[in-house]
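Worksheet: one structure, shown below.
The values are calculated or read from the model by the stated rules, or taken from the named source; none is laboratory data. All values reported here derive from a predicted model rather than from experimental measurement. Methodologically, a virtual Cβ is constructed for each residue, glycine included, from the backbone with ideal geometry; neighbour enumeration extends over all protein chains shown.
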Amino acid sequence: SCIATQIDSLTPLRRYWTRDYHRCMPQMSISPITRLIISMSKGWRYTLFVTLAIITLVSAGYFLWRQRGSQLLWQATYQRNYQILASLPYLISIDPINTNRDTPLLFAVRQNDSTLVESLIHAGADVNYTNMQTGDTPLILAVQLADSAIAKLVLEADVQVDQANPYSGDNALLIAASNNRMDMVHLLVEAGADINWVRPTIRATAINLVNDPAVVDFLALHGADLNALGPSSQTPLMQAVNANNIPLVKKLLALGVDYDAHGGTWQTPLMLAALSGNDEVTQILLDVGADTTIADTNSRTPFLMAAQSGYADVVRIYLEHGADPNEEDRAGNRVLYTAAWSGQRAVVDLLIDAGAIVDPNHEQGIAALEAALANGNNEGAERFYELGFAVTEQYIENRLLRRLGLTRDSLGLYAAIQKGNLEAIRILYQSGIRLWPEYEGRLLYDTAVRQQTEVIDLLLELGEDPNESIAQGLTPLNVAVWHDDPALIEHLLQAGANPNQQTAHGRTALMWAAWWSKHEALRFLLQQQINLEIVDREGRTALDYAQLVNNQQGIQQITSAMQGTTNESTNHGP
């Protein structure tokens, strides 16, 4: 039995640890939970159990607190309940996000609610939070929405002013500059924004994105690099020239930019103006002393570029500023002949009036005339003809030869065949003149296409093979069938054309006649020694081709021939 008095006489703390208590515990009436705790109290298991229990309770409480806190915070934000926001600043540290990945502060900025923004910032909202779905931060969003009041509130907090959108690479200053927002640019620069911060994606600084001279003036005053390379490795001046932004060009020049900087493309602003035919910008740049002798990688100066591009107004400005009308590039090409290649008659006239040397025998001039003709530039060619230039016989011949794919010696034979000059054909052919090897097999074929029966007879007489085929195995006989010309077919058959010869697809002249519904040709062929059972690569006969296109007359003709009613000489054997 347990001695209760001994246990009761102990202090409460010692009572739980006495050996007698544990010995007597099974006889005592206590709850199961108490029994479990007391059972584990002898060693390390009790400590571990208590620790885990405390961690679980704290975690559950924290989770419930965050969930309830998020609900309260969003409810107060949506309802614009500034009193709750002010009384629950501890909830701001939660910075809960909604389905759009926005925090209450980002939501308030999107709503252009400066009062709500101020309340949230005052309560401790994170002003540097980044929405990883859109890349927006409160500051970037405020600048994008052009709300200077909200931007000022965000800037007064502990904000990272140069923080960039992780996707576009733009920070607040670049966005403000690209929108030409002087008020925003002013706020950001005063807040310590890096005025020469470089976008990490498509290279650019703030001054590369501005179109407003006033904003450029402000940025320059605060130390912006006026020659910074932006998109396409161009300086702000080059970008202004490309955009034909005259006020900005003048402002940049007044601020002292390098007007001869070539960027990463080896093209100066003067070259860009010449290539675009911008006479006003050209005049402005020349007036400030831009260097006209700088050449690009192809050794072309701005003057040569303008002449080659055919911009007469720009060429005139250069000539007025002392450009040499006989200037040459590194390869020795004169500007007059370079201009002729583009074929603008007005440019050629300007250069000649300015003293350009005209030499009708100069090979560059002849080449320029030939180039004008080849490019279909009639104005330029006409002007060179007036100056005494003339294309060479060799040029005319070579141009025709290139187009026809012929050798020089065969040119006369080809022309004679085209014109049907039988005597010339006989003389040239008997002299050993032939068409270019790649043109072999086309003589009879082409004459058959033109239905030149007399020329065909002559060529056959001179030894041309009536069975010579071109691409895909087509022969002169196939062409005669296409024309549905029995007389031409007879000519070829009498000369030895094989009516059973097959093309690359296995088709015979009879198959073509049946397929094309050439009834006269079909009738004539069926009167010859024709094999009606020949099949093509797909196993089809001439009758199958007639049935394929529902050629009823052809079906009847071929069926009759197969039955031996058309001509007794019809051969049914293989």
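Tabulated data
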item: Boolean, residue 275 is modelled with pLDDT under 95 and over 29 Å from the mean Cα position of the chain (by Cα); result: no
item: Enumeration of residues in the stretch 316-340 that are under 11 Å from residue 362 (Cβ atoms) and touching a Pro at 6+ places or on another chain (Cβ under 8 Å); result: 336
item: Filter result (assigned to a helix (DSSP H, G or I) and aliphatic (A, V, I, L, M)) within the stretch 442-471; result: 443, 444, 448, 449, 455, 456, 458, 459, 460, 471
item: Residue match in the stretch 375-385 (condition: closer than 30 Å to residue 317 by Cα, surrounded by fewer than 18 Cβ atoms within 10 Å (Cβ to Cβ) and either modelled with pLDDT of 70 or more or among the aromatic types (Phe, Trp, Tyr) (or both)); result: yes
item: Residue 546 being surrounded by 21 or more Cβ atoms within 10 Å (Cβ to Cβ), free of Cβ contacts under 8 Å to residues at least 60 places away in the same chain and under 22 Å from residue 488 (Cα atoms); result: no
item: Qualifying residue in the stretch 159-172 (condition: closer than 22 Å to residue 215 by Cα, free of Cβ contacts under 8 Å to residues at least 60 places away in the same chain, in contact with a Gly (Cβ under 7 Å, 6 or more places away or on another chain) and part of a loop (DSSP other than H, G, I, E, B)); result: yes
item: Selection within the stretch 308-357 - part of a helix (DSSP H, G or I), hydroxyl-bearing (Ser, Thr, Tyr) and at pLDDT 90 or above; result: 318
item: When residues of the stretch 520-530 are limited to those that are surrounded by fewer than 17 Cβ atoms within 10 Å (Cβ to Cβ) and not charged (D, E, K, R), the one nearest to residue 483 (Cα to Cα); result: 527
item: Candidate set from the stretch 126-160 (those that are of a type in the set (D, E, K, R) and within 17 Å of residue 181 (Cα to Cα)); member that is farthest from the chain's Cα centre (by Cα); result: 152
item: Residue match in the stretch 462-473 (condition: of a type outside the set (Asp, Glu), over 46 Å from the mean Cα position of the chain (by Cα), within 23 Å of residue 508 (Cα to Cα) and at pLDDT 70 or above); result: yes
item: Qualifying residue in the stretch 230-242 (condition: of a type in the set (A, V, I, L, M, F, W, C) and surrounded by fewer than 22 Cβ atoms within 10 Å (Cβ to Cβ)); result: no
item: Matching option when the condition is within 20 Å of residue 191 (Cβ to Cβ), touching a Phe, Trp or Tyr at 6+ places or on another chain (Cβ under 6 Å) and not hydroxyl-bearing (Ser, Thr, Tyr), among 147, 162; result: 162
item: Number of the exception - residue 282 against (1) within 22 Å of residue 350 (Cβ to Cβ); (2) part of a loop (DSSP other than H, G, I, E, B); (3) in contact with a helix residue (DSSP H, G or I) (Cβ under 8 Å, 6 or more places away or on another chain); (4) hydroxyl-bearing (Ser, Thr, Tyr); result: (2)
item: Residue, surrounded by the most Cβ atoms within 10 Å (Cβ to Cβ), within the stretch 280-305, restricted to residues that are small (Gly, Ala, Ser) and under 33 Å from the mean Cα position of the chain (by Cα); result: 295
item: Residues being closer than 19 Å to residue 278 by Cα and of a type outside the set (Gly, Ala, Ser) - total across the stretch 291-334; result: 22
item: Boolean, residue 484 is free of Cβ contacts under 8 Å to residues at least 24 places away in the same chain and surrounded by 14 or more Cβ atoms within 10 Å (Cβ to Cβ); result: no
item: Helices (runs of 4 or more DSSP H) lying entirely in the stretch 202-272 (those with 1 or more residues that are of a type in the set (D, E, K, R)); result: 213-221, 246-254
